[in-house]
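First up is the structure itself, then whatever we jot down about it.
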Amino acid sequence: MLQYIKKYIKGWFLGIILFLIFLSFTFWGVGDIFSGGKSYIVKVGKNKIPIEYFQAEFQTNVGYLNKKGKLDRLELKTVAQETLKNIVTRYLIVNAANSMNISISDNILKKKIFENELFKNKLTNEFDNNIYKNFVSRSFGSEINYLEYLETQIIVNLISDYYEKKISYPKNLTNEIYNQLEEKRSFQIASVDKNFLRSSKKNPEKESLKKFFDKDKKKYFFGERRSFTYLFENLDNIKDKIEVGEEEIIESYNNRKLDFSIPEKRQVEQLVFNNEILGKEILTTLNKDTNLNDLAKKNEKEITYINLGFVEKKQLFDEFSEPVFKLNLNEITDVIKTDIGWHILKVTEIKESTTKKIEDVKKIISDDIALNKSYDELDNILIEVENYINDGNELENISEKLNIDIEKKEKIEKDYFFSSSLPDDLKIDLFFNEVFNGKKNSDLFIQEVENGFFVVRVDKIIKEQQMTFDEAYNKLLLDFQEIQITKKIKEINSEFKKKSSDNIDFNEISDSLNMNSRTTKKLNREDLINQGISINVTQKVFDSKIGTVHEDDTKDQFSIVKVISDSEVTFNDEKFNDISNDINKVYGIDNFNIVTNILEKKFPVKINENLLNEFLDRMQY
């Protein structure tokens, strides 16, 4: 429905942008946000967001997909881009709030903390100051850090909630949109598939095509064209040339074994008691075969059973971690006191710690080594190219001496530059300007681009020029074919009108002209568009009286549409509310998009593409 609204309603729907701002974070490792010395994945204004912060949210978002098996690179890249967009959006909001001195009162912060389920005692369901302090200390380092984080979360929540839920499109206009979306009529449609005509048409004789060309030569000419030679080097090219030895891989593997280790995991069950005496009493009755869940069910008021599942040592409370990971299989801890009560824990399964075999990570290590070498090699090549240029060397000499591929392009037309056979990395404004604004055989200059550089020389400039018959041949074929199809459509339409004036049945006329015909049930505008009718003609059809006939001529189809019923709108509260919510959502997103575009100018956004690509490479293995 949103896609149709976007396509049909003009003027106020400028576009649809995913508005997914995740405000709930997994708190394991949140403290990393506040530590220094990290690699930054994106910069928003003066805020540098560490790769660890991005990675935690990326993994959460992948979890939302709930997809079995590994994601392919395109899927990983899509999730990464949406994750970055969400992070950038939050920091744009935060920067804007800071610049306007927006802050959250201490009373609101206190209320949020007291209402947070994370800080409540599971037995009393009341706020527990000890739980709160332990969490803040473990995850944020200090209360100041946590309060800053909480304030940011509240501000982002307030602003995003306003645009997503509080902005409403005017109700009278919503009613108009609903009526247009739900208005239904019945039609008779006769159509001709132009693509079928194109595929069934035979190419004309060469002589006929030559006469066609001679009749309208001025239509066939080249725009400005240029021939040029260039060197282009980037990290990917360099990386492909770098050889990584077996000894280097082994050395790196041995130095990085911790990176490839899979920590020991244990499946842990626990009983929680509200007093120590009961805990010690129960402990005396336990053995390795005791079912803790069954035991807790017999005394649910005083004993709580919790299955923690498989956990790593670092995921447990400090009070638990050492005792639990010293146990053997099916052994039980003593009674352990924490801020939320007394506990007995049991290990029911152990997955031993392992290290990935070198064969499993060999490509990752090799790629990492090659990439690190590539950065140094790129710097060296840049220096050498600059020196050779300063010494008066031509591109051909530089290519030969430095073993850089040299490429020549002949007669690239200015108007078709961005659809040419150039590498996508060079289909950029900077390269375009160097080619089409540069002078023939001018001095050479190095132009640095993302992850590389290029040097280009304009060899030939050809102004607008008449095409020969052979040069225009493919265009002539297309033009000739379209003229024949247009002629065929006119003949069909003329015959249709003639028979219609003789009061012959609509479907009978359609069948006699080998058109595709159908009589529809009640259709709304979206349904009619899905039948291949253009938006403009769809609007005219719904504004017409019964018996009116309209023609629709698009690139792929010619149609004749006859209105055979009055308009009908059935009001449905549930559907109206759905449409109203969709409209408000798109309206809010559109307004929010305008705001973020303005904020990006004030707080520039720069993504570390190298680090992002390296991250995606790792995620594939």
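Among the residues of region 363-418, how many are open to solvent by 70 Å² or more (accessible area, probe 1.4 Å), more than 30 Å from MET467 (Cα to Cα) and among the hydrophobic types (A, V, I, L, M, F, W, C)?
1
Could you list, in sequence order, the residues of region 147-185 that are within 30 Å of the chain's Cα centre (by Cα), surrounded by 15 or more Cβ atoms within 10 Å (Cβ to Cβ), of a type in the set (Phe, Trp, Tyr) and assigned to a helix (DSSP H, G or I)?
Hits for region 147-185 are TYR149, TYR163.
Rundown of residues vs (1) in a helix (DSSP H, G or I); (2) at pLDDT below 90, yes/no style:
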position: ILE238; (1), (2): yes, no
position: GLU243; (1), (2): no, no
position: GLU247; (1), (2): yes, no
position: LEU258; (1), (2): yes, yes
position: GLU281; (1), (2): yes, no
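Looking only at residues in region 311-326 that are among the charged types (D, E, K, R) and open to solvent by 50 Å² or more (accessible area, probe 1.4 Å), which one is nearest to the chain's Cα centre (by Cα)?
Filtering region 311-326 for residues that are among the charged types (D, E, K, R) and open to solvent by 50 Å² or more (accessible area, probe 1.4 Å), the one nearest to the chain's Cα centre (by Cα) comes out as LYS314.
Would you confirm, using the coordinates I've provided, whether GLU386 is part of a helix (DSSP H, G or I) and over 20 Å from LYS463 (Cα atoms)?
Answer is yes for this residue.
Return the only residue of PHE603, PHE558, PHE576 being surrounded by 13 or more Cβ atoms within 10 Å (Cβ to Cβ) and in contact with a Gly (Cβ under 6 Å, 6 or more places away or on another chain).
Answer to the selection: PHE603.
Considering each residue of region 217-236, count those that are open to solvent by 50 Å² or more (accessible area, probe 1.4 Å) and part of a strand (DSSP E or B), and give that number.
Number of matching residues: 1.
Check region 389-405 and report whether any residue there is under 34 Å from the mean Cα position of the chain (by Cα) and assigned to a loop (DSSP other than H, G, I, E, B).
There is at least one residue in region 389-405 that is under 34 Å from the mean Cα position of the chain (by Cα) and assigned to a loop (DSSP other than H, G, I, E, B).
Given the condition acidic (Asp, Glu), over 18 Å from SER399 (Cβ atoms) and free of Cβ contacts under 8 Å to residues at least 12 places away in the same chain, answer yes or no: does some residue in region 455-467 qualify?
Looking through region 455-467, none of the residues is acidic (Asp, Glu), over 18 Å from SER399 (Cβ atoms) and free of Cβ contacts under 8 Å to residues at least 12 places away in the same chain.
Could you please let me know if LEU395 is touching a Phe, Trp or Tyr at 6+ places or on another chain (Cβ under 9 Å), at pLDDT 90 or above and either closer than 20 Å to ASN237 by Cα or of a type outside the set (A, V, I, L, M) (or both)?
Here the answer is yes, as LEU395 does meet what is asked.
Please go through (1) surrounded by fewer than 17 Cβ atoms within 10 Å (Cβ to Cβ); (2) in a strand (DSSP E or B); (3) not charged (D, E, K, R) for SER137 and return the number of the only condition it doesn't satisfy.
Evaluating SER137 over (1) surrounded by fewer than 17 Cβ atoms within 10 Å (Cβ to Cβ); (2) in a strand (DSSP E or B); (3) not charged (D, E, K, R) leaves (2) as the failure.
Anything in region 424-433 that is touching a residue at least 24 places away in the same chain (Cβ under 8 Å) and open to solvent by 50 Å² or more (accessible area, probe 1.4 Å)? List them, or say none.
Result: ASP425, single match.
Answer yes or no: is there a residue in region 111-122 that is of a type in the set (Asp, Glu), within 33 Å of the chain's Cα centre (by Cα) and part of a helix (DSSP H, G or I).
Checked against the condition, which is being of a type in the set (Asp, Glu), within 33 Å of the chain's Cα centre (by Cα) and part of a helix (DSSP H, G or I), region 111-122 yields at least one hit.
Which ones in region 425-448 are out of contact with any strand residue (DSSP E or B) (no Cβ under 9 Å at 6 or more places or on another chain) and in a helix (DSSP H, G or I)?
ASP429, PHE432, ASN433
Name the one entry in LYS555, LYS562, LYS545 that is assigned to a loop (DSSP other than H, G, I, E, B) and closer than 28 Å to PHE196 by Cα.
LYS555
In region 319-344, which residues are farther than 18 Å from PHE273 by Cα and either at pLDDT below 85 or among the aromatic types (Phe, Trp, Tyr) (or both)?
Result: PHE325, single match.
Looking only at region 242-274, which residues are free of Cβ contacts under 8 Å to residues at least 40 places away in the same chain and either of a type outside the set (Asp, Glu) or surrounded by 13 or more Cβ atoms within 10 Å (Cβ to Cβ) (or both)?
Once the filter is applied, which keeps residues that are free of Cβ contacts under 8 Å to residues at least 40 places away in the same chain and either of a type outside the set (Asp, Glu) or surrounded by 13 or more Cβ atoms within 10 Å (Cβ to Cβ) (or both), region 242-274 yields GLY245, GLU251, ASN254, ASN255, LEU258, ASP259.
The values are calculated or read from the model by the stated rules, or taken from the named source; none is laboratory data. This one's a predicted model, so the numbers in the text were calculated from it and none came from an experiment. As a convention, Cβ positions derive from the backbone with ideal geometry for all residues, glycine included, and neighbour counts pool all protein chains shown. In case anyone asks, the SASA skips ligands and DNA or RNA and just uses the protein heavy atoms, side chains included. Shrake-Rupley method; radii C 1.70, N 1.55, O 1.52, S 1.80 Å.
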